[in-house]
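Student: Okay, here's the structure, questions in a sec.
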Amino acid sequence: MQTLLRDLRYAARQLRKSPGFATTVVLTLALGIGATTAIFSCVYGLLLKSLPFRDERSIVALTETNSRVKGGIEATYPDFLDWRRQQSSFSQLAAYSTINPTTVSLLIGGRPEQLRRVLASGNFFPLLGVSPLAGRLFDEQDDAPGKDHVAVISASAWAAYFGRDPNAIGRPVSLNGITYTVIGVLPQNAAFPADGEVWLPLSLLDKPTQESRVWHSVKVLGRLRPGVSISTARADMLTIAQRISAAYPATNRNESVSLTPLHRELVGSFRPAMLCLMGAVVLVLLVACVNVANLLLVRATENRRDVAIRQALGADRTRLFRQFLVQTLLLTLLGGALGVALAALALPLIRVALAHTDGIDPALLQSISLNIPVLLFTLIICTLTALLFGILPATRTAVPLVDTLRSGDRGSSANHRGHATLVIAEIAVAVVVVFLSTLVVRSFQKLIAIDPGFRTDHLLSAELTLPDPRYSDTSPLTNRFYEQALDRIAHAPGVISASTTTQVPLRPSQVMTRFLIEGAPPLAAGTYPYAQIRFISPEYFRTMGIALLKGRTFTQSDIDSTTGFFIVNQAFAQQYLAGRDPLGANILIGVLSPSPSKIPVIGVVANARDLGIDSDPEPEIYLPGFGLHAVLLVRSPLDPQSLAPVIRNAVQSVDPAQPIYHVQSLDEVLSDSVARQRMTAALLGSFALLTLALAAIGMFGVLSYSVAQRSREIGVRMAVGADRGDILRLVLRQATAFLITGVVAGLVAGLFGARLISGLLFETTSSDPLSVSVSIAALALVTFIAVSLPAVRAVSVDPVESLRSE
C-alpha cells in the first residue's frame, strides 16, 4: 500500500509539471467515456435490462399479420379464443384491448377526470407475474359476465386521484356513469401497458366485437412453456393460423400470426437506432483512445533519456512500468469521473427526447439512468484503457541504454511508423463516423421536407371520449353534443374553423374496411381490398387545409342522411377508380354481410400522409359523422395553445362533466412523429463533430512531433539548398499520405456500415454521393487545419540553430 501511495504521489507530481498534457488527456478521455456512458445507459435501459415481470424472457407478444396491411395488427377476439384453445406451446395466453374508447371518465370530487383504460382477461396479471401493491388483481372469475364490474388502478392513478388512501380498495367508483369496485393497485413501474391507469375485465368488450372476425380488437401475450423455444411456438401458431384461414376464408384468407419477444415489441423500431448510436459512440471512444495513445507515446519518447538515466542509476524496470501504469490509471480515472459527470448531465436531455418518440414504451424510459451495471461498464473501460496505455509507454523505453543516451538521438523509424499507423487509423474511424452521420442527417433532411398533405401550423388538437351508455354511436344526443360544441368553438374569438375526426392526423385511423367497387370484376371472398376509414365533420378539410380535387365536401345534412356519402383521397381514386369518373362510382361496404351497402362517392381530396410522414399515402375513405371518441381540430391565427381554454369551456358548456385530454398542436404532433429520426441525427451529428475535433487534435499532435523530431533533417535540407516551399511540400506530403490512406480505408468500412443501417435511411442510398463528398471534404478540411501550424513551424526552422543543437 505504501508503494502504491508513493507511486500515486510521484504520478501526481509528474502531471502537475505538465498541466497542458494532463488536461488534454483527461478532457479527451472524458468526452469519449462520457458519450459512451450516456449511450450505453440508453442501450442497457432499453435493450438489456429486464422488464419488471416474472421471467420476462418467456413472455411473447402475438400479433396477426395480413399480406395487404403493413406491420402487425391486433387479433380478433374469436381468433384469440381459437389460438388459446388449439395451441400447445404456451402455459397461458392472455389478451388485452386498448381500442376506442381508449379512456373512461372518472367522476371524483365532483370533477370529471379522463383515465386511460385497458380491458384485460382474467389471467392477464398472472401471466405477467405481477403482484398487487394493495388489494388483489384480476382472476378468471372476474372475467365472467355479472362479476366483471371490478377495477384495478395504477400506482400513479392511486396517488393522483385517491391520495394513496388505503380505503380506496373496495371503494365504488363511477366510470362512464357505471359503478365499479376498486379491488387492487398495481406496483409502481409494473403497469402494462405503461400508460394505462385503470384496468377492467375483458368481458366488458361489446358483444358484436367479441363475435366478429372482422374487427381486430385485442392484443395477445403468451408465456412459453418451460423448454419451448420461440421458434417452436412460432411453427405451432403458424399451423393454427393456417387452420383458421382454411376454416374462415372470407375473413382470414390472407392472415397469419407473428411472434415477438415482449421486450423487443416494447422497444419497437428504436432498436436499430440505438444499436447504430452505440456503434458510433464506440468509434468516438476509439478515436479518443488513439489520441491518448499518441500523446502518451510522444511523452514517453521525449522522456526516454530521463528514464534511461534512472535505469543507469539502478532503477528496476518493474518499478518503472508500475509508475507508468499508475500515472495512466490516474489520468484514466480522472477522465472517467469527468465523463460520468458529463453523461449524468446528458441523460435527462436524452430522456426528454425519447419521451416524445413514437414506438417506444414509456415504462422503459425510467430504466435509463446511471445504475450499477452502467457504472461497472464505465469502470471496465477505464481499467482496460489504463492497462493498455500503461504498457505502451513502457515499450517505448525498452531500448538499449547506449542508444538512448547517445547524443542527438531523436527516435527511430519504428516510432514514426507507429505514430503514422495510429493517425491513419484515427482518420479512417473518423471517416466512418462522419459518413454514417451524414447519411442519417441527409435522410432526416429529406424526411422533414416531405409535405404531409395538410397544414400543421396554427392548428390545435384535443381528444374527448363521450361516456357510454349515456351516449352511443347512433344516438341523436351524440350528434347534438358535437354540433353544439363545434358551433361554440367556431364562434369563439380568433377561431377560423373547427372540426372533428376519429384519430389524430399522422396516425392510422385504427379502423379499416373491406370494400368492392360496383361494376368492377368480382373477387373471391377473402381477397377484398382494404381502405382506411375516418369519420369527419363537414369543416374537416377546410380546417386541415386539404385540397378538394373534384366534387364537393360534406355538409351538415350529409351527417343526418340515412343514405350516406363517401369522399375518397387521390390514392384511392388512382388505385380503384382509374379509367372512370370517381363521382359516378359507388362503393360497396359490409361485403361480408348478406346485404352490402352501396355508398356513392361525392368528392375526391388530395392525399394526406395519415399513416405517418415516412409512409406513402394509402387509399382512404372519409365518411360524415361522429363517434364516442373524437379528435377536435381548431385552426386560429393565434398561438394554438391559447385555444385550449376555449375548447374546454365550449365542451363543458354543453356537458359540464365532459373533460378533454391530449391537448397538443399539430406542429407538436408532426415533431413527435419524427422525434426518433431527429434524435438519432442530432446525436450522430454531435458524434461526427466530436470525432472531427479529436482527429484534428490527434493529427496536429503527431505532425507537430514529427516536425520537432525532423528539425535536424530540415536544417540539413535547407543548408544544402532546399527552399521553404520544398519544406512545406515535405510536411504536406506526409499529411496527404495520412489523409488518402485513412479516407480510403474509412470509406470502405463506411460503405459496409451503411448497409447495416439502411433501415434507418429515408429516400437515401447507402452510397449517397453527397455524403461521400461531405465526408472527404470534412476530413480534408480537418487535415488542413491540423497541418497548418506544424507546417509554419517547419518552414520557420533556422538551419544554423538546428545543426548547432545537434
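The values are calculated or read from the model by the stated rules, or taken from the named source; none is laboratory data. Just so you know, these numbers come straight off a predicted model, no measurement behind them. Quick reminder, even Gly has a Cβ in these numbers, built from the backbone with ideal geometry, and neighbours come from all protein chains shown. For the accessible areas, the whole protein counts, side chains as well, though only heavy atoms, and no ligand, DNA or RNA atoms are used. Shrake-Rupley method; radii C 1.70, N 1.55, O 1.52, S 1.80 Å.
Student: How many nm separate the modelled label positions at Glu211 and Thr232, each set 7 Å beyond the Cα in the direction of the Cβ?
Tutor: 3.9 nm
Student: Follow-up question, since we're still on this one. For Glu74, what accessible surface area do you get with a 1.4 Å probe? Give it in Å², rounded to 10.
Tutor: 60 Å²
Student: Additional query: For Ile740, what accessible surface area do you get with a 1.4 Å probe? Give it in Å², rounded to 10.
Tutor: Probe radius 1.4 Å; accessible area of Ile740 about 100 Å².
Student: Take Leu384 and Ala524, extend 7 Å from each Cα along the Cα→Cβ direction, and tell me the distance between the two endpoints in nm.
Tutor: My value for the distance between the label points is 5.7 nm.
Student: Determine, from the Cβ-Cβ distance of Leu345 and Arg729 and an R0 of 60 Å, the FRET efficiency 1/(1 + (r/R0)^6), rounded to the nearest 0.05.
Tutor: Using R0 = 60 Å, I get an efficiency of 0.85.
Student: Using 0.36 nm per residue, how much length does the chain from Asp639 to Met278 gain when fully extended, once their Cα-Cα distance is taken away?
Tutor: Value of the extension gain: 126.1 nm.
Student: Continuing with this model, one more query. Answer rounded, prolate or oblate for segment 94-146, using the Cα gyration tensor with square roots of eigenvalues a ≥ b ≥ c: rounded when a/c is under 1.5, else prolate when a/b is larger than b/c, else oblate.
Tutor: prolate
Student: Assuming R0 = 56 Å, what is the FRET efficiency of Ala777 and Ser67, from their Cβ-Cβ distance, to the nearest 0.05?
Tutor: Numbers: r = 45 Å, r/R0 = 0.81.
Efficiency computed from Cβ-Cβ geometry: 0.80.
Student: Give the shape of segment 619-697 as rounded, prolate or oblate, defined through the alpha-carbon gyration tensor: a ≥ b ≥ c are the square roots of its eigenvalues, a/c under 1.5 means rounded, and otherwise the shape is prolate if a/b is larger than b/c and oblate if not.
Tutor: prolate
Student: On to the next question. Let me check I've understood the local charge: for Ser121, count other residues with C-beta under 10 angstrom from its C-beta, Lys and Arg +1, Asp and Glu -1. What total comes out? Display every interim value, and only then the final one.
Tutor: Details: positive: Arg84; negative: Glu140, Asp142, Asp143.
Net of charged neighbours comes to -2.
Student: Can I ask one more? Mark the label point 7 Å from the Cα of Asn586 along Cα→Cβ and return the residues of segment 556-575 whose backbone N is within less than 14 Å of it.
Tutor: 563-566
Student: In nm, give the distance between the simple-model label positions of Ser597 and Ile785, each being 7 Å from the Cα along the Cα-to-Cβ direction.
Tutor: Going by the 7 Å Cα→Cβ label model, 6.5 nm.
Student: Kirkwood hydrodynamic radius, segment 496-560, all distinct C-alpha pairs: what's the number in Å?
Tutor: Across segment 496-560, the inverse of the average 1/r is 14.3 Å.
Student: Let me ask something else about it. How much of the DSSP beta bridge set in segment 460-612 is antiparallel, as a percent to the nearest 5?
Tutor: Bridges in segment 460-612 that DSSP calls antiparallel: roughly 80 percent.
Student: Something else: Mind ranking Thr24, Thr513, Thr232 by accessible surface for me, highest first, 1.4 Å probe?
Tutor: Working: Thr24 50, Thr513 25, Thr232 75 Å².
Ranked list, largest accessible area first: Thr232, Thr24, Thr513.
Student: Output needed: percent of Cα pairs per 5 Å distance bin for segment 185-241, bins running from 0 to the one holding the longest distance.
Tutor: 4, 12, 15, 16, 16, 20, 14, 3
Student: Counting only other residues whose beta carbon sits under 13 Å from that of Arg84, what net charge do I get with K and R as +1, D and E as -1?
Tutor: Neighbour charge sum, excluding Arg84 itself: -3.
Student: What does the convex hull of the alpha-carbon atoms of segment 455-519 project to on average, in nm²?
Tutor: Spelled out: convex hull of the Cα atoms, projected over all directions, averaged, 7.2 nm².
Student: Per 5 Å bin from zero, what fraction in whole % of the C-alpha pairs of segment 82-197 is there, up to the bin with the longest pair?
Tutor: All Cα pairs considered, the percentages come to 2, 11, 21, 25, 20, 11, 5, 3, 1, 0.
Student: Compare Asp82, Asp236, Asp487 by solvent-accessible area with a 1.4 Å probe and give them largest first, with all protein chains kept in place.
Tutor: Solvent-accessible surface, decreasing: Asp487, Asp236, Asp82.
Student: If you don't mind, another one. Using the Kirkwood formula over every pair of different C-alpha atoms, what hydrodynamic radius in Å results for segment 476-600?
Tutor: 16.5 Å
Student: Go ahead and run the numbers for FRET between Leu81 and Arg455, Cβ-Cβ distance against an R0 of 35 Å, rounding to 0.05.
Tutor: 0.20
Student: Can you pull the three principal axis extents for the Cα set of segment 733-793, in Å, largest first?
Tutor: The Cα atoms of segment 733-793 stretch 48, 17, 14 Å along their principal axes.
Student: Which value, in Å² rounded to 10, gives the accessible area of His491 with a 1.4 Å probe and all protein chains present?
Tutor: Taking all protein chains as shown, His491 has close to 140 Å².
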